[in-house]
There are 2 protein chains.
Amino acid sequence: MTQRAGTSHRAAPEHTHPDDVLVLTALAALADPVRIQLVRELAGSCEWTRSCGSFDVPVGKAALSHHFAVLRNAGLVEQRDEGPKRVNRLRREEFEARFPGLLDLVLSPDPRDR
Amino acid sequence: MTQRAGTSHRAAPEHTHPDDVLVLTALAALADPVRIQLVRELAGSCEWTRSCGSFDVPVGKAALSHHFAVLRNAGLVEQRDEGPKRVNRLRREEFEARFPGLLDLVLSPDPRDR
């Protein structure tokens with residue numbers, strides 16, 4: 001795949017559309033407490049307002065980069081570079097169309113999930 | 001917890017009710033190809049008709065025992081000993097009540113999931 005030159009020196013992130021994601025890949029992406037936290041924070045934020053460094057998760061930069069790659073690969077997150085920042089949106093509608101109800105299970109507040 | 005003496009020398013299996021399962025635990029239990037296969041075969045069988053050795057999965061006895069423990073712990077499977085056999089049922093209704101739609105995502109045939 002050819003990619004247009006961006007405003008950043010990094011390669012533009014690769015994405016997988018939810019329609020091309022296996023259910024096993026989607027479940028594995030969500031079966032992680034850090035990634036659940038990222039998805040929940042994204043769901044509570046306006047699209048494209050959250051940079052990767054703005055999340056309240058207890059992991060280093062390399063691990064965070066891996067978690068975002070897993071989320072992109074599962075069709076959960078879309079990213080783009082804006083100058084020095086990489087900003088994010090949750091692919092809520094597309095993911096819901098492919099896996100009805102799954103995101104809601106993760107986003108619903110539940111007293112058992114602390 | 002006290003347990004009645006069974007007909008087997010093994011300890012009776014411990015179970016977790018779906019109502020006591022965290023969403024992370026449920027997702028992690030289903031995010032595995034062997035366990036998805038076990039759940040799918042159970043869904044296609046009458047309750048209590050399938051012994052643990054009757055599943056078409058490419059794992060050894062110890063690994064299979066671990067997979068069933070994960071499924072019990074996630075409220076997905078109930079087991080009981082009948083003589084020398086340990087037989088299984090999928091906790092379909094209870095799990096559906098706790099995590100609506102989740103089991104259907106795993107059980108629905110999908111040409112992308114091969």
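The values are calculated or read from the model by the stated rules, or taken from the named source; none is laboratory data. Everything numeric in this text was worked out from a predicted model, so none of it was measured. Please note: Cβ atoms are built from the backbone with ideal geometry, for glycine as well, and neighbour counts cover all protein chains shown. Heavy atoms of the whole protein, side chains included, go into the accessibility calculation; ligands, DNA and RNA do not. Shrake-Rupley method; radii C 1.70, N 1.55, O 1.52, S 1.80 Å.
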For the protein assembly as shown, what are Rg and Dmax over the alpha carbons, in angstrom? 20.4, 70
Rolling a 1.4 Å sphere over the protein heavy atoms, what is the accessible area per residue of chain A, to the nearest Å²? 55 Å²
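Could you tell me the convex hull volume per residue, in Å³, taken over the Cα atoms of the range B:27-104? Write out the running numbers ahead of the final one.
Details: hull volume 6.7 nm³, N = 78.
Taking only Cα atoms, the range B:27-104 has a hull volume of 85 Å³ per residue.
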log10 I(q)/I(0) for the range A:52-95, Debye formula on C-alpha points only (no solvent), q = 0.16 Å⁻¹, two decimals, reads -0.43
Tell me the carbon and sulfur percent of the accessible area for the protein assembly as shown, rounded to whole percent, probe radius 1.4 Å. 52 percent
Between B and A, accessible area buried - total, square angstrom, nearest 100, 1.4 angstrom probe: 1800 Å²
Connecting C-alpha atoms closer than 10 Å in a GNM of chain B, tell me which of B:PRO13, B:PRO58, B:PRO100 has the biggest fluctuation. B:PRO58
Give the aspartates and glutamates reachable from A:LYS85 as a straight Cα distance under 15 Å; neighbours fewer than 8 places away on the same chain don't count. A:GLU47
Heavy-atom accessible area of A:GLU82 with all protein chains present, probe 1.4 Å, nearest 10 Å²? 80 Å²
Between helix B:33-43 and chain B: long-axis angle, C-alpha atoms, 0 to 90°, nearest 10: 80 degrees
Amide H contacts under 5 Å for A:GLY75, placed H, 5+ residues apart: A:THR16
In Å², nearest 10: area of A:ARG80 left accessible to a 1.4 Å probe: 100 Å²
Looking at chain A as a GNM with Cα springs under 10 Å, which of A:LEU42, A:LEU64, A:LEU24 has the largest mean-square fluctuation? A:LEU24
What does DSSP give for the protein assembly as shown in terms of the percent of beta bridges that are antiparallel, rounded to the nearest 5? 100 percent
Can you tell me which aspartates and glutamates have their Cα less than 15 Å from the Cα of A:LYS61? Leave out same-chain residues fewer than eight positions away. none
Probe 1.4 Å, all chains present, heavy atoms only: A:VAL59 accessible area in Å², nearest 10, is 50 Å²
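Quick one: net charge around A:GLU82, please, counting Lys, Arg +1 and Asp, Glu -1 for every other residue with C-beta under 14 Å from its C-beta.
Values: positive: A:ARG10, A:ARG50, A:ARG80, A:LYS85, A:ARG86, A:ARG89; negative: A:GLU47, A:GLU78, A:ASP81.
In short, +3.
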Test item: Cα-centred dipole of the protein assembly as shown, Lys/Arg +1 and Asp/Glu -1 on Cβ, debye: 600 debye
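Per residue of B:21-27, count partner chain C-beta atoms within 10 Å of its C-beta, then hand back the mean as an integer.
Values: counts 2, 5, 10, 9, 3, 3, 11.
The shielding value for this peptide is 6.
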